[in-house]
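This report concerns only the one structure given below.
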Amino acid sequence: MTPGFEQAVAAIDAGDVPALERLLSERPALLRERAQRPEPYFRRPYLLWFVAENPVRNERLPANIADVARALVDAVRRDATDSLRTQIDYALALVCSGRVPRESGVQTALIDVLADAGADCTAALGPALAHRERAAVMRLLERGAALTLPAAASLGRIEDVSRLARGAGRAERQAALIVAALDGRAEVVPELLRHGADVDGYGPDGFHPHATALHQAVYTGSLETVKALVDAGASLEQKDAVHDRTPLGWAVHMKRDEIAAYLRTRRDGRRHVLDPRRLAPLFLRPSVFFRDRAALAAGPPAMAAAYLAAVAEVIGTIGTRTDPAGAARQAGRLAGGGPETWLGFWAIALVAGALGAVWLWWIGGWWCALRLRWSGADAETEVVRPLYAWASLVYGLPVVSAIAVCTVLYPGPRAEGPGWVHSAVVLITWPWSCVTLYRGVVTLFAVRGGRAAAWFLLLPLAVCLLSGVGGAAYGVLTSSPD
């Protein structure tokens, strides 16, 4: 920092407009000069940027700092026009994200000076939101800033959140979730998650990228937002990238005793997703089940669901009919015992089910994600695959359970009873699994209702109907005398 630059900064800090104007008139090159500072976001500041006191140097700003800023803007417009846009835009961002302008009672006046000069008010919304400068946010909107998704989330405008999220990118949706956590907008959380925000994602650049929304809700002390995020399946064990602490660790460190007690209770009492009490809503009230995003973790429980569904598919393929297909009979003999015995039947089903699970997980999940995109949702397959696996379990678990009971009641899979039991269970559970998947889709994602109904209800049920008719026709033909 040159002596002349230091004198200009001292005049800014003192609010000495005449001295500043005199110095700039004598040495206009100071308006283009850039100092060296250690702060990453303030590394090469212009003189104008010092009006924000961000980073903090003196803990205060003079009462006439708006007049100082106006004098600097006029001088830059006169002698450094080519850098005017850069100077006023970043100065506004610093003013809107710093606490000293607000605490000194000059934040609004500085915003007005810079907005009058043509600074980008919409771009300044991000820094203001990330640093919880709510008065600055409101003033920027009054000065013509466009309502962004993070701003709508901060204000709790759910209708605007829903509208803006449809066209937002992933980074903007994640920023909005972080802002909702910072501002304690628990009511906004479910809507953002429906539109694809990641409940365990870290903030994007400019929005505290070292921590998740749950960390930020703990930081701001919003128990209701903490509950909303945890109910949506937020991880209790995920650590921040700076302090290596879980949300509970943050709560303990910050002495958020009520939040810490709640997180301990949820950590200790969170039941496994395969617990019958937690699994029952999947079959009876799928919307309730899928509101808990912990069910959508791509872990062993979801893979177990995919495996059981695949075993059910294999059972349907090798068949429990009295007159099995020749190919299935031959495959069974290779397994030892053949599908005519329960031992061979289950050996085929369990071994082939492992391969089928891989197919269901990857190909079935991809097909489900593709249909979601055609339905107007922006969904990642990492979320969709567990959704598809759990919906498939609604068909798979009853089929596997029913045939397991038949194993005890009947001498072999080719007896008359298992075939009828299998057909009856499939007739009920396969359509209901389609309904379950549809309910999961509309619960988790913002889709276009007509398209989603067509892809997830009408098309699968039509396939089911055609398969049933074809199977019945085949049965009639194969049972007819020669």
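The values are calculated or read from the model by the stated rules, or taken from the named source; none is laboratory data. Computed from a predicted structure; not experimentally measured. Virtual Cβ from ideal backbone geometry, glycine too; neighbours counted across all protein chains shown. Note: areas computed on protein heavy atoms with side chains; ligands, DNA, RNA excluded. Shrake-Rupley method; radii C 1.70, N 1.55, O 1.52, S 1.80 Å.
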Original post:
Carbon-plus-sulfur fraction of the accessible area of the chain, 1.4 Å probe, in percent?
Top reply: 58
Subject >> Accessible area per residue in Å² at 1.4 Å probe, computed on the chain >> reply: 46
**OP:** Could you tell me which label, among (i) 24, 51, 22, 3; (ii) 20, 37, 24, 12, 5, 0; (iii) 22, 57, 21, 1, carries the value of P(r) over Cα pairs in 20 Å bins from 0, in percent calculated for this structure?
**Re:** (ii)
Original post:
By average Cβ neighbour count within 10 Å, what is the ranking of 90-99, 408-417, 39-48 from highest down?
Top reply: 90-99, 39-48, 408-417
Original post:
Ordering Ser375, Ser222 by how much accessible area each has at a 1.4 Å probe, largest first, what is the list?
Top reply: Ser222, Ser375
**OP:** Can you bin the stretch 391-471 into rounded, prolate or oblate? Criterion: square roots of the alpha carbon gyration tensor eigenvalues sorted a ≥ b ≥ c, rounded for a/c under 1.5, prolate for a/b above b/c, oblate for the rest.
**Re:** oblate
Subject >> Angle in degrees between helix 3-14 and the longest Cα principal axis of the chain, rounded to the nearest 10 >> reply: 80
Original post:
Ranked from highest to lowest mean number of other Cβ atoms within 10 Å per residue, what is the order of the peptides 50-63, 19-32?
Top reply: 50-63, 19-32
Original post:
Summing +1 for each Lys or Arg and -1 for each Asp or Glu, what net charge is found among the other residues whose Cβ lies under 11 Å from the Cβ of Ala11?
Top reply: -3
Subject >> Convex hull of Cα atoms in the stretch 152-248, direction-averaged projection (nm²) >> reply: 5.2
**OP:** Determine the dipole magnitude for the stretch 52-201: charges of +1 sit on the beta-carbon of Lys and Arg, -1 on that of Asp and Glu, nothing else is charged, the reference point is the Cα centre, and the result goes in debye to the nearest 20.
**Re:** 140
**OP:** Would you calculate, for the chain, the mean residue ellipticity at 222 nm contributed by helices, counting each DSSP H stretch of 4 or more residues as -39,500 (n - 2.57) and dividing by all residues, to the nearest 500?
**Re:** -20000 deg cm²/dmol
Original post:
Peptides 171-178, 458-465: what's the order by average Cβ count within 10 Å, highest mean first?
Top reply: 171-178, 458-465
